[in-house]
Amino acid sequence: MIAAPANSYAQGVSAAGIIEPASEVVAVATERGGVVSRVEVVAGAGVTAGRPLFSVDDREVRAVVARHEGALAAAEALLSSADLNIAMQRHKISQAAAELENAQAESSRAELDRLRYASLARGSWVSRQRYEAAIADAGKAAAAVAAAEAAVAAAKQQSKVLTAKRLEAEANVAQSKAALEQARVDLDRTVVKAPIDGKILKVNVRVGEYAQAGALSSPLMIMGSADLLHVRADVDEADSWRINAGSPAVARLRGNPKISAPLSFVRIEPYVVPKRSLTGASTERVDTRVLQVIYALQVSDFPAFVGQQVDVFIKTDSPQGVAELRRDPAEVARPLPACPQSLATHRGCRIPGQADAPWQQAQGTQIGQPAD
């Protein structure tokens, strides 16, 4: 018959503890649901952060990636074509500018000829017909200049149109790249990877099963850090006032209380929570609340596993000592004021003719009568 574990301290608090990884238990989930195609690890395997754990069917996502890769290639080809068109248009602008210069030179020559023939025509040195031909040549040259100027303006305007088309093609390339990157992210999400270095504690997924996305009541995989274990001790709220930060503690193995290990204080989680049963159900509770105190346990010191229950004994000061330590020293040293005789009761004051008593600060007492 196994004896009940005994408290290791003359003044101490007992608590139910559960062993957990120092990282706490990590419930591994998938962001993208699907049929499981591969499971890469088994329970108990050590993994490093980023190592694949399991994968879901990715054929549909790969097809989407291929489609976006094709769309990106087409968009990049249009962008290259737009660059070539702009380069060609620049040459056309240069050609139109050269033709404009030629037309302007021809117009200057024709105008000089007109002036010269006009002077000769006044002295009857040339025929009227030749003078009129010079006038016509000058008009034709001026019209050619106007046409060349219009051609230059049109070429420059077309260059602006091609530049706008290039901007559109560049935007299409950026959009295609973003869509491809999103598709690749979706493809990467079909492979669930280890978030931290640690050990696989439980595998609840098999090849061919459907892995539902999101947080589940029964996680697809459970893992945690393997180098250091913690003990989460649930201290009843009625005893929480006796716990001090840094208090030493001892864990005893259930089933063999002779096996024990010292615990190193880690932290106190200051939020008092409803006590949950240690069966693993996330919603099952009992009618009490507990203060959770975290202690570190070296793996080599204690033959226990994650999720195992242990008995924890935490050393405390005497109730009197803890109460005195937590009182304000100034309040202890401050003398109590005298109670007015007109009051039927008093609280935190001194009865005339009586010495100050500690209980007078905490309880109401009838004047002239001792406290209960």
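The values are calculated or read from the model by the stated rules, or taken from the named source; none is laboratory data. All values derive from a computational prediction rather than experimental measurement. Every residue, glycine as well, gets a Cβ built from its backbone with ideal geometry; the counts of neighbours run over all protein chains shown. We work out accessible area using only protein heavy atoms, side chains counted, and drop any ligands, DNA or RNA first. Shrake-Rupley method; radii C 1.70, N 1.55, O 1.52, S 1.80 Å.
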For this session: Please enumerate the residues belonging to region 60-109 that are within 30 Å of A134 (Cα to Cα) and open to solvent by less than 50 Å² (accessible area, probe 1.4 Å).
Result: A96, A97, L100, A103, S107
Seminar exercise, completed: Being free of Cβ contacts under 8 Å to residues at least 24 places away in the same chain and either out of contact with any Lys or Arg (no Cβ under 8 Å at 6 or more places or on another chain) or farther than 30 Å from S81 by Cβ (or both) narrows A144, A121, A138, A148 down to just A121
For this session: Name every residue in region 220-253 that is part of a loop (DSSP other than H, G, I, E, B), open to solvent by less than 40 Å² (accessible area, probe 1.4 Å) and among the polar types (S, T, N, Q), in order of residue number.
Result: S225, S247
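Table: residues versus (1) at pLDDT 95 or above; (2) within 30 Å of P303 (Cβ to Cβ); (3) loosely packed, with under 12 Cβ neighbours inside 10 Å.
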{"residue": "P5", "(1), (2), (3)": "no, yes, no"}
{"residue": "V13", "(1), (2), (3)": "no, yes, no"}
{"residue": "V26", "(1), (2), (3)": "no, yes, no"}
{"residue": "A29", "(1), (2), (3)": "no, no, no"}
{"residue": "G44", "(1), (2), (3)": "no, yes, yes"}
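Answer yes or no as to whether Q95 is modelled with pLDDT of 95 or more and under 60 Å from the mean Cα position of the chain (by Cα).
Considered against the rule, which asks whether it is modelled with pLDDT of 95 or more and under 60 Å from the mean Cα position of the chain (by Cα), Q95 comes out as no.
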For this session: Could you tell me whether L167 is open to solvent by 50 Å² or more (accessible area, probe 1.4 Å) and either within 30 Å of L84 (Cα to Cα) or among the aromatic types (F, W, Y) (or both)?
Result: yes
Seminar exercise, completed: A245 fails exactly one of (1) within 30 Å of H68 (Cα to Cα); (2) of a type outside the set (S, T, N, Q); (3) without any contact (Cβ under 8 Å) to a residue 24 or more places away in the chain, namely (1)
For this session: State all residues of region 46-59 that are touching a residue at least 12 places away in the same chain (Cβ under 8 Å) and either open to solvent by 60 Å² or more (accessible area, probe 1.4 Å) or on the phi < 0 side of the Ramachandran plot (or both); if no residue qualifies, say none.
Result: G46, V47, T48, A49, R51, P52, L53, F54, S55, V56, D57, D58
Exercise. Out of all the residues in region 119-134, is one or more hydrophobic (A, V, I, L, M, F, W, C), under 54 Å from the mean Cα position of the chain (by Cα) and open to solvent by 70 Å² or more (accessible area, probe 1.4 Å)?
Worked result: no
Exercise. Is it true that some residue in region 195-207 is surrounded by fewer than 17 Cβ atoms within 10 Å (Cβ to Cβ), of a type in the set (K, R) and not in a loop (DSSP other than H, G, I, E, B)?
Worked result: no
Problem set entry | Filter pass, A148 being assigned to a loop (DSSP other than H, G, I, E, B) and either open to solvent by less than 90 Å² (accessible area, probe 1.4 Å) or in contact with a Pro (Cβ under 6 Å, 6 or more places away or on another chain) (or both) | no
Exercise. Looking at (1) open to solvent by less than 80 Å² (accessible area, probe 1.4 Å); (2) under 30 Å from A155 (Cβ atoms); (3) free of Cβ contacts under 8 Å to residues at least 12 places away in the same chain, which is the only condition L112 fails?
Worked result: (1)
For this session: Return yes when A183 is in a loop (DSSP other than H, G, I, E, B), in contact (Cβ under 8 Å) with a residue 60 or more places away in the chain and either surrounded by 12 or more Cβ atoms within 10 Å (Cβ to Cβ) or touching a Cys at 6+ places or on another chain (Cβ under 9 Å) (or both) and no when it is not.
Result: no
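In the list S217, S176, which residue meets the criterion of being open to solvent by less than 70 Å² (accessible area, probe 1.4 Å), among the polar types (S, T, N, Q) and either on the phi < 0 side of the Ramachandran plot or modelled with pLDDT of 95 or more (or both)?
It is S176.
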